[in-house]
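The values are calculated or read from the model by the stated rules, or taken from the named source; none is laboratory data. Just so we're clear, the structure is a prediction, and the values are computed from it rather than from any experiment. We place every Cβ from the backbone using ideal geometry, glycine too, and count neighbours over all the protein chains shown. Keep in mind that these areas ignore ligands, DNA and RNA; they rest on the heavy atoms of the full protein, side chains included. Shrake-Rupley method; radii C 1.70, N 1.55, O 1.52, S 1.80 Å.
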Amino acid sequence: MWEISLLLAAAMLYLLAAVLLLRRHFYAARAFMLALGICGTLWLYELSKPVYFEAFSLRDHLHDALLYVFTGVVAWTVWMSARAARSGTTGLQ
């Protein structure tokens, strides 16, 4: 039950990050990174369960890992844009 609650919190943080990005606000990067951290941690927790790990093929697990890496690259881009905005260059405000 607590996993579902954390996933819902992460979904809300992703939604908040999208709204803040559209408004070009600095805190979008923080919301995005927090949501990514929650989802990544829950995914790693699920991988520690033998039933979950054996239920899916290695290809499926690698696909999930690739999606998290891609999302991490997007998060890093947002974070760097927010840092640039804080230092006075163009980007998020």
Residue 35 vs. criteria crowded, with 16+ Cβ neighbours inside 10 Å and touching a Lys or Arg at 6+ places or on another chain (Cβ under 9 Å) | no
Evaluate the following for residue 30: is it closer than 24 Å to residue 2 by Cα, in a helix (DSSP H, G or I), open to solvent by 90 Å² or more (accessible area, probe 1.4 Å) and modelled with pLDDT under 90?
-> yes
Can you spot a residue in region 12-22 that is of a type outside the set (S, T, N, Q) and outside any helix (DSSP H, G or I)?
-> no
Would it be correct to say that residue 22 is free of Cβ contacts under 8 Å to residues at least 12 places away in the same chain, over 12 Å from the mean Cα position of the chain (by Cα), within 20 Å of residue 86 (Cβ to Cβ) and surrounded by fewer than 12 Cβ atoms within 10 Å (Cβ to Cβ)?
-> yes
Cβ-Cβ below 6 Å, separation at least six or inter-chain, first residue in region 72-86 and over 10 Å from residue 29 (Cα atoms), second outside any helix (DSSP H, G or I) and open to solvent by 70 Å² or more (accessible area, probe 1.4 Å): which pairs?
-> 85/93
